[in-house]
Amino acid sequence: MSHPVSIPLQRPLAGRWAHEVAAFIACAWQKRRERRDLDRRIAAMADLSGAVLRDIGGPDDLIYQAAARRQADAQRIEELRILANYRGVDSRFW
């Protein structure tokens, strides 16, 4: 008469650890991807004008950020225009 074969009820410890590490990495990667997608969407919305953001019901802080970004861009262009005129660059390039 043969002896019954014992069946292990748990996976080996190394296999469990490997599975847990792989699950942790997959979860962290998924969270990173979701955060990156959210940041891209917010950046795309921030490129809209303040009026458009107000019309679609955007959050106030996003409206203020968009207005500040547009103001900074306008100031940068004006500074370049002044510098170009000072150096004698023709204004038709602006």
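The values are calculated or read from the model by the stated rules, or taken from the named source; none is laboratory data. This structure is a prediction, so every number in the text was calculated from the model and none was measured. As a convention, Cβ positions derive from the backbone with ideal geometry for all residues, glycine included, and neighbour counts pool all protein chains shown. When the accessible area is computed, the model is the full protein with side chains, heavy atoms only, and any ligands, DNA or RNA have been set aside. Shrake-Rupley method; radii C 1.70, N 1.55, O 1.52, S 1.80 Å.
Rounded to whole Hz and in sequence order, give me ³J(HN,Hα) for segment 66-73 from the Karplus expression 6.51 cos²θ - 1.76 cosθ + 1.60, θ = phi - 60°, writing x for Gly and Pro.
3J(HN,Hα) across segment 66-73, in whole Hz: 5, 5, 5, 5, 5, 5, 5, 5.
For the chain, build the charge dipole from Cβ charges (+1 Lys, Arg; -1 Asp, Glu) around the Cα centre, then report which of A23, A66, S49 sits farthest towards its positive end.
Farthest towards the positive end: A23.
Once a ≥ b ≥ c are taken as the square roots of the eigenvalues of the Cα gyration tensor of the chain, is the result rounded (a/c under 1.5), prolate (a/b larger than b/c) or oblate (a/b not larger than b/c)?
Numbers: a/c = 7.38, a/b = 3.28, b/c = 2.25.
Prolate.
With the full set of protein chains in place, find how many percent of the accessible area of the chain is carbon and sulfur; take the probe as 1.4 Å.
On the way: 5150 of 8560 Å².
Of the solvent-accessible surface of the chain, carbon and sulfur hold 60 percent.
Grab the DSSP H runs of the chain that are 4 residues or longer, score each as -39,500 (n - 2.57), total them, divide by all residues and round the 222 nm result to the nearest 500 deg cm²/dmol.
-25500 deg cm²/dmol
Could you grab the relative contact order for segment 12-91? Cα pairs under 8 Å, six or more apart, rounded to a whole percent. Each step should come with its number before you reach the end.
On the way: 24 pairs, mean separation 13.6, N = 80.
Answer for segment 12-91 is 17 percent.
Report the extension gain between C27 and A74 in nm, rounded to one decimal, defined as 0.36 nm multiplied by the number of residues separating them, less their alpha carbon distance.
12.7 nm
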